[in-house]
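For reference, the structure discussed in these notes is given below.
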Amino acid sequence: MRYLTLFFFIFLLFGSLQAQENCNNNLDDDGDGYIDCFDSDCPCYAPFVCNNTALQTMLINGVFKLVSVDLQTTTFTDILTFPSYLTNPNALAYNHQDGFYYFMEYGNPHEVYRMNSLLQIQRIGELPSVPNAVYSGDINSAGQYFFNGRDTLYKLDLNTFQLTRNNLILHTSDIAFSTDDRLFAWAESENRLMEIFPQQDSVYLYPNIYPDLGKVGSLFFIESDLLGYGYNASAGSLFQDHLYSFDFSSGGVQTLGIGPSAKFNDGCACDFDVKIYKQASADTITSQSFTYTFTFENNMPYSTYGFFSDALSDGLLWDSTSAVFSGGLNAISDPSFTDGLVESTFEIPPGESSLELQVIVPCGINVIGDYFNQAYFILDSTYSFQYHDTLWSDFEPTQQIEDSTPTYIDVSLSANDTLLANRLELCPKDSGIIELSNYLTPSAQSNNGVWTTALGNVVDSTHLGSILVPNAEPQSYYYTEPSDCGQSVYVIDLSYIELPELSFSQVNAQETDEQFLFVDQALSNGNYQWVINDQVYASEPFISVPNILIDDSVLVCLMYQNINAQSCTDSICVYLQQGITPVYIPSAFTPNKIDPFNAEFKPVFKQNANFEHYTFSIFDRWGQSLFSTSNPEEFWNGDNHAQGMYLWKLNYNFKNQKQVERSGFVMLIR
């Protein structure tokens, strides 16, 4: 009996070790929980491709259907009519752990199902202790199935089938996990979005309320954008038929399209958000290299894996010693380089990471202008089942995931190793001494070249750092230096910007005028500034100013700046003869108050003046001083002097101007 028992035990052990999935008998032969085409051991294994297509269960005309939503064209396609034993499939959710969609029956008994990309359905089991109808659900990145049983939040571990009841009381029409595992929901009684925090048993209600939306029975994320499918009361919707996009930052909502009218609706999507960007700029010479940077942006909560490849064209080569990884990017296999091809298997961690490579430009390569090449990353199902797609860096030749911001490389080279001319425009004032080496683009590689002109005349044969050209003529200058390809020639085309010839005239300069008008004769397109006796006036080609407080002349300067990158300037200054006396001195006054407006005597200046010196004096006919002041505001009231003629003298000068002396007679009338 002992030997029979031992034999039976060995038979069972051997049988369990040898168990394999039959793949066509609707049984879990190997005991891993997956049957037939749900089992990765089977050739028909069919998880869903994570390509940002949404799926929705909809009750349309009394029949539950599975509808695929193409978000690029906003088209809705019926892909499955649910079998009759599924009376109300709800809580549709994508499982990142195995690549299948899961759903539950709305009413009791609550049974859980999974579905593969062949649209085959497998029953997993029945949920215990869920008394209420199941409205909504979604699965986080760890494979935990959250669902709302009427007003109660539950969590189901799909590996152990262990059910946990949360303390939150919710009434939501759908819930959805973002790529970073934040749980959002549509609060049906509030008509607004909310975020659920299961660990804290708390929620946050977003402030924006959408009264027209009513019930939103389907929520799902696509590349971090939250979309929903529901009513539109303002459009007269009887059932759910509008696809929306919600903007968290502004609180706005946008209608993306209109689909089938569904009495009941629940939806989900595999939110895949991984991109590749490449960037390079080249301004170099043959035999040199430049940097090529690949940036990987992984907005998923876990690493992705795949095969990376990029082939250069036009004879450019990768530098096999130059690979630099950053941001946690990990090469599972060292990059291999074959001519212009680089290949490797990478792990892309969550967040942003990058790969830098150097590109060598061999001698004799003729690459000018825009340069395109296509890098791609084939997501490897060996590491991550759900990624059966290819990321492209520039454009998608087939229906693949597209990089929305393509980049290109601009290589400025020519076949004869002569760099394209660098046009150098200078201001006329810079024509004295020019250091041409400052204007080499790109920088020369050595200091042992020779500068020549177009006629072959040697300008300077010393070394690169001290090339100075006095009174440089507008022409082409060449710098020739040895290189790995023989020689490289840099070209600078030198020219000078022509400025307008400045001149201006004075208009309407009569003594009775209170304004002078100065007008530039060129009227060029640029910035103007007038400076008159050190006072700055408006920037116009013409300017009107008050009478200048100078007896015989005024210094007027016109400054001009052209409108371009060089901002060249020019100026002209001219002394203009005024011919105007800025002071009025009365010839008579009446201190006896007969004329109340002429009872005092003093010089009257036409406007406020900035005096540096001022003296005003009164004398009688014998030269005796009767009155003197250095205050321009003080006047002579005649005192008790008799009617008659009196001599006055005025001595003054304005600040920074020459001195003026004037004299005359005034009649005192009593």
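The values are calculated or read from the model by the stated rules, or taken from the named source; none is laboratory data. Since we're looking at a predicted model, the values are computed, not measured. We place every Cβ from the backbone using ideal geometry, glycine too, and count neighbours over all the protein chains shown. Accessible surface is based on the protein model in full, side chains and every heavy atom, while ligands, DNA and RNA are left aside. Shrake-Rupley method; radii C 1.70, N 1.55, O 1.52, S 1.80 Å.
List of remarks:
- Residues located in region 147-167, provided they are of a type outside the set (S, T, N, Q) and open to solvent by less than 20 Å² (accessible area, probe 1.4 Å): Phe147, Gly149, Leu153, Tyr154, Leu156
- Taking each residue of region 640-656 that is assigned to a loop (DSSP other than H, G, I, E, B) and looking for partners that are open to solvent by less than 60 Å² (accessible area, probe 1.4 Å) with beta-carbon atoms closer than 8 Å, six or more apart or interchain, yields His641/Asp620; His641/Leu626; His641/Leu668; Ala642/Leu668; Gln643/Leu668; Lys655/Phe611; Asn656/Asn533.
- Of residues in region 534-566 being out of contact with any strand residue (DSSP E or B) (no Cβ under 6 Å at 6 or more places or on another chain) and at pLDDT 70 or above, the one most open to solvent (accessible area, probe 1.4 Å): Asp534
- Sole exception among (1) in contact with a Phe, Trp or Tyr (Cβ under 8 Å, 6 or more places away or on another chain); (2) open to solvent by 70 Å² or more (accessible area, probe 1.4 Å); (3) of a type outside the set (Val, Ile, Thr); (4) more than 28 Å from Gln535 (Cα to Cα) for Asn610, by number: (4)
- Enumeration of residues in region 461-503 that are open to solvent by 30 Å² or more (accessible area, probe 1.4 Å), within 30 Å of Cys568 (Cβ to Cβ), modelled with pLDDT under 70 and of a type outside the set (Ser, Thr, Tyr): Gly465, Leu468, Pro470, Asn471
- Looking across region 196-225 at every residue that is open to solvent by less than 60 Å² (accessible area, probe 1.4 Å) and aromatic (Phe, Trp, Tyr), the one that is nearest to Asp138 (Cα to Cα) is identified as Phe220.
- Residues in region 144-166 that are aliphatic (A, V, I, L, M), closer than 12 Å to Val112 by Cβ and either within 44 Å of the chain's Cα centre (by Cα) or modelled with pLDDT of 90 or more (or both): Leu156, Leu158.
- Within region 97-126, being hydrophobic (A, V, I, L, M, F, W, C) and open to solvent by less than 10 Å² (accessible area, probe 1.4 Å) holds for Phe100, Phe103, Met104, Val112, Met115.
- Hey, Thr152 polar (S, T, N, Q) and under 23 Å from Val216 (Cβ atoms) or not: yes
- Unmet criterion (only one of (1) in contact with a His (Cβ under 7 Å, 6 or more places away or on another chain); (2) closer than 22 Å to Gly62 by Cα) for Asn90: (1)
- Residues that are modelled with pLDDT of 85 or more and either among the aliphatic types (A, V, I, L, M) or surrounded by 19 or more Cβ atoms within 10 Å (Cβ to Cβ) (or both) within region 311-320 comprise Leu317, Trp318, listed in sequence order.
- Count - residues of region 220-252 that are under 22 Å from Phe264 (Cβ atoms), among the hydrophobic types (A, V, I, L, M, F, W, C) and either part of a helix (DSSP H, G or I) or free of Cβ contacts under 8 Å to residues at least 60 places away in the same chain (or both): 7
- Sub-9 Å Cβ pairs linking a first residue in region 50-73 that is more than 17 Å from Leu219 (Cα to Cα) to a second residue that is part of a strand (DSSP E or B) and of a type in the set (Asp, Glu), at least 6 apart or interchain, are Ile60/Asp78; Lys65/Asp78, ordered by first then second residue.
- Leading residue by the ranking (nearest to His242 (Cα to Cα)) among those in region 78-99 that are among the hydroxyl-bearing types (Ser, Thr, Tyr) and over 37 Å from the mean Cα position of the chain (by Cα): Thr81
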